[in-house]
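Below is one structure; the comments refer to it alone.
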Amino acid sequence: MNTTLFVRSNTHTARRWAPLPLTQLLSSPVLLSSPVLWAIAIFAAIIFSTPISADTGDTNQSHAIAMHGQPKYPAGFKHFDYVNPNAPKGGAIKLAVNSSGGFDSLNPFIFKGVPAAGMGNYLYETLTKHSEDEAFTEYGLIADSIEWPEDRSWVIYHINPNARFHDGHAIDAEDVVYTFELLTTKGHPFYASYYKDIKKVEAISKDKVKFSFEKGGNRELTLIVGQLPVLPKHYWQTHDFSKTTLEPPLGSGPYKISKVDPGHSITYQRVNHYWGKELNVNVGRYNYDQIHFDYYRDNTISLEAFKAGEYDFRAENTSRNWATAYTGPAFDKGLIVKESIRHYNPTGMQGFVMNSRRWPFTDAKVRHALSYAFDFEWTNKQLFYSAYTRNNSYFTNSELASSGIPKGDELKILEPFRSQLPPEVFSTEYQPPKTDGSGRIRSNLRKATKLLKEAGWKLEDKKLVEIKSGKAFEFTILLVTPDFQRVVLPFTKNLKKLGIKADIRLMDTQQYINQLRGYDFDMVIHTYGQSSSPGNEQHSFWHSSTVNTPAGRNLAGVNNPVINELVKLVISAPDRQTLVTRTRALDRVLLWNHYVIPQHHIQSFRVAYRSYFSKPAVAPRYALGFDNWWINPDKQAADR
């Protein structure tokens, strides 16, 4: 999705409860930029501390659960290290959302509509809360403790007796069971797929809910179940969950919706009687009294509005803007701070995604050939001010990325599939095609032509034609933001030199979402956001069973039996080192099947904000942590 949302950063969002690739992209964190998806969204795993409560036989009960190892924070911890526990509360902030189509729904859980910004961040609480300085650990939120066996074949969440919805109604196990059934039967198709390995959900008592899994060994499932938002049964029993709505729903989180201007703005007000404000996972967070989102249809207008003081915080995703546009009186006077903040999230894979369900992208050799027409080095130099690094992995900026040729345990994993894999998997380190940056790429185009000839294509009257069918090579690239036209146009010119006609179609947000939901596209720019602890989301990205799932995340249409097996191995990894090795094997096979023409990444958050913001001395390793910041009301009043 190419819609830019200048809101909140949350490393673990890609695994949170919303179907991010489509509808929920409009209510996700800060750097959900252009296709730089959720460049930041994404979370992950490994952890350090001991289960604290009980370890009787093969059953553990603790305040937290880690993917591997133990939680960093012990039982009774006061607050996370990356917050200021004494941060003052107060003030109102304005944020901006760039979207060509606005929003038309306050129900982010269903297939229909475009939900408003912030729905997934502020209104609802989940059973557990992740920490932003660990790869993947969940701490109690609605659930104040977690119980599970050694094989993780089930998990029991013990509900905090103080947990309440905004109307004062207690949250109990029946609400959790009702939510699960509601989401998997009437919600976005994502939920039924994502939670498919959950065999049974039952309320053992008013304050205990048990999730039983089809089989043990899926270590991650016990954690992602904790990310389930808990919806009020008593509310939704009298409302139609299957329909879009602009009626503010009942929530349980730190904020409630106070005002809605459909398609234009939404305002959240901090809930003074919020039941969870004293919990250790919330201390020092949610410091603004009011959060207001304005929608802008044009990124240029949005940037000028920011410089004029129309909103307070902006994450920049366009290198040209970052290099040239952040100037003017407000910067000269120190009223706006411009800052790059380093992060350690895997940056995933941003690129041109080819829909392999469709001719001619069914042929990997054809997909490979097209990669030689994208001149990254020239693009980076001429358009991006040399700000970016080329992607050469689906797990860039992490130890999970493959490199070199497979050896040791990784080779042992891949060897049984040798006859089903491209030979390059075993013999050649993957690197995307390179150029000298001059714009002259004849050598690369010759390589592309050779591959296309091998795949059964020939030139006729300057048009590339498939010999077998006689059809000309023509396709369309869908965009949802004009910002990427300057990147795509040089690419299409190079394709034209190969005899390929590639049209560009700019669409509004709702049209674009609908096209992706139905896989009705040839090529799009997309980012596969990744976490430090890949797991069940890999199934939704790559597994054959998801190829025809409506509104799913397998945009490339990956349908490969070897990848199916590698995904299973990643999900069932028993320890961190095994997870790393298996993920590298999966990465390598994905790369050599050429589903994506890799683009670029950056390893920092580029943000600008009014000088009356303050932030904790320690930044979270895997997030921007904007919800941990606060404002100085006196400075804000003077600024405005």
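Is segment 190-208 home to any residue that is of a type in the set (V, I, T) and surrounded by 24 or more Cβ atoms within 10 Å (Cβ to Cβ)? Checked segment 190-208: no residue is of a type in the set (V, I, T) and surrounded by 24 or more Cβ atoms within 10 Å (Cβ to Cβ).
For residues in segment 324-342 being farther than 26 Å from T389 by Cα and touching a residue at least 60 places away in the same chain (Cβ under 8 Å), which is surrounded by the fewest Cβ atoms within 10 Å (Cβ to Cβ)?
Once the filter is applied, the top-ranked residue is G334.
Of all residues in segment 455-501, which are assigned to a helix (DSSP H, G or I) and in contact (Cβ under 8 Å) with a residue 24 or more places away in the chain?
Initial filter on segment 455-501 (assigned to a helix (DSSP H, G or I)): 482-497.
P482, D483, F484, R486, V487, V488, P490, F491, N494, L495, K497, listed by residue number.
For R152, the conditions (1) closer than 26 Å to H273 by Cβ; (2) in contact (Cβ under 8 Å) with a residue 40 or more places away in the chain all hold with the exception of (1).
Would you call V618 in contact with a strand residue (DSSP E or B) (Cβ under 9 Å, 6 or more places away or on another chain) and among the aliphatic types (A, V, I, L, M)? No. When the test is whether a residue is among the β-branched types (V, I, T), under 30 Å from W322 (Cα atoms) and buried (at least 22 other Cβ atoms within 10 Å of the Cβ), I500 does not pass it. Helices (runs of 4 or more DSSP H) fully within segment 180-252 that include at least 1 residues being not assigned by TED's automatic domain parsing to the domain that holds L279: none found. In segment 619-636 there is no residue that is more than 21 Å from the chain's Cα centre (by Cα) and within 21 Å of G404 (Cβ to Cβ).
Yes or no, residue by residue, for (1) of a type outside the set (F, W, Y); (2) surrounded by 12 or more Cβ atoms within 10 Å (Cβ to Cβ); (3) not in a helix (DSSP H, G or I):
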position: T379; (1), (2), (3): yes, yes, no
position: P406; (1), (2), (3): yes, yes, yes
position: E415; (1), (2), (3): yes, no, no
position: P422; (1), (2), (3): yes, yes, yes
position: F426; (1), (2), (3): no, yes, no
position: G439; (1), (2), (3): yes, yes, yes
position: N444; (1), (2), (3): yes, yes, no
position: K453; (1), (2), (3): yes, yes, no
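Put simply, of S356, S302 the only residue that is more than 30 Å from S398 (Cβ to Cβ) and of a type in the set (S, T, N, Q) is S302.
The values are calculated or read from the model by the stated rules, or taken from the named source; none is laboratory data. A quick note: this is a predicted structure, and the numbers were derived from the prediction, not measured. Please note: Cβ atoms are built from the backbone with ideal geometry, for glycine as well, and neighbour counts cover all protein chains shown.
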